[in-house]
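What follows is one structure encoded as structure tokens, with my remarks underneath.
Any read-out appearing in this document is the output of simple, stated calculations on the displayed coordinates, not a laboratory observation. Computed from a prediction, not measured in an experiment: that's the story for all the values here. Cβ atoms come from the backbone with ideal geometry, glycine included; neighbour counts cover every protein chain shown.
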Amino acid sequence: LKKIINNPPDTSVKKPITDSKVAIVLSEGLLLDVYSLGDKYKNLPDKPEGLKIARLPLNKGGEFSFVDHIVNENIANSTADRDVGLHYQGYIDLKGNGEFIFQLNYQSGEHFIQQFPKKCQLTLKVNNESIFDKKVYVGQGQSYSMQSTADFSAGLNPFSLWFACPNLRSFSPKQDYNAFKDTSVTLYIKQPNDKEITKIMANKFSYDPDK
């Protein structure tokens, strides 16, 4: 795919993607699908499933918070006291051909409820290839850092991050927000010609707004 970046008057960056059949205009950032998983899972699923209750645009680069979805009262009420899954999807623009290094840093907030036995699920895929598939403890300020390598070709590659966490048996959306506001994932990348690993910036991501 060939990518051309224009500079429109609004704050988003439009990226016309052309091939021999059709032109698709992409916007900067990712799509966030919000899933309510109920409370039936002993172990959270490693891929998107459940009841999809919202789709939101997100443009924060490689920073992902487990309160990204709490943008209005309706979504907050629909996800309160339930297992919730956040699916970030779109494309990542890779530079160079060869081995890429990905780093994922996870940070859990320190919740007011004792949740040490519970775990969140993190699944990262690039071009449908699994980069990370990990269950991580949530609730006591835990932090993890992990790296993985994979070979890719330059250009736009499908990107998918599934970030699911269990309910905390709270009594209100406000308690959910306070419990999860410091639970986050940060993604870093080192491309074949880069000298060092760096946090993924917002302009590396794009999505189809008509999807």
Open item on the list: Students often get this wrong, so check it: of 174/211; 119/211; 40/204; 60/134; 95/181, which have C-alpha atoms separated by over 27 Å?
Closed with: 174/211; 119/211; 40/204; 95/181
Task: Distance in nm between pseudo-label sites at residue 181 and residue 101 (7 Å out along the Cβ direction from Cα) - done: 3.5
Task: Calculated FRET efficiency for the pair residue 211/residue 43, C-beta based, R₀ 41 Å, to 0.05 - done: 0.90
Task: Environment charge at residue 109 (Cβ cut-off 13 Å; Lys +1, Arg +1, Asp -1, Glu -1) - done: -1
Task: Loop-located chymotrypsin sites (Phe, Trp or Tyr not before Pro) in region 105-201, at most 12 other Cβ atoms within 10 Å (DSSP) - done: 112, 171
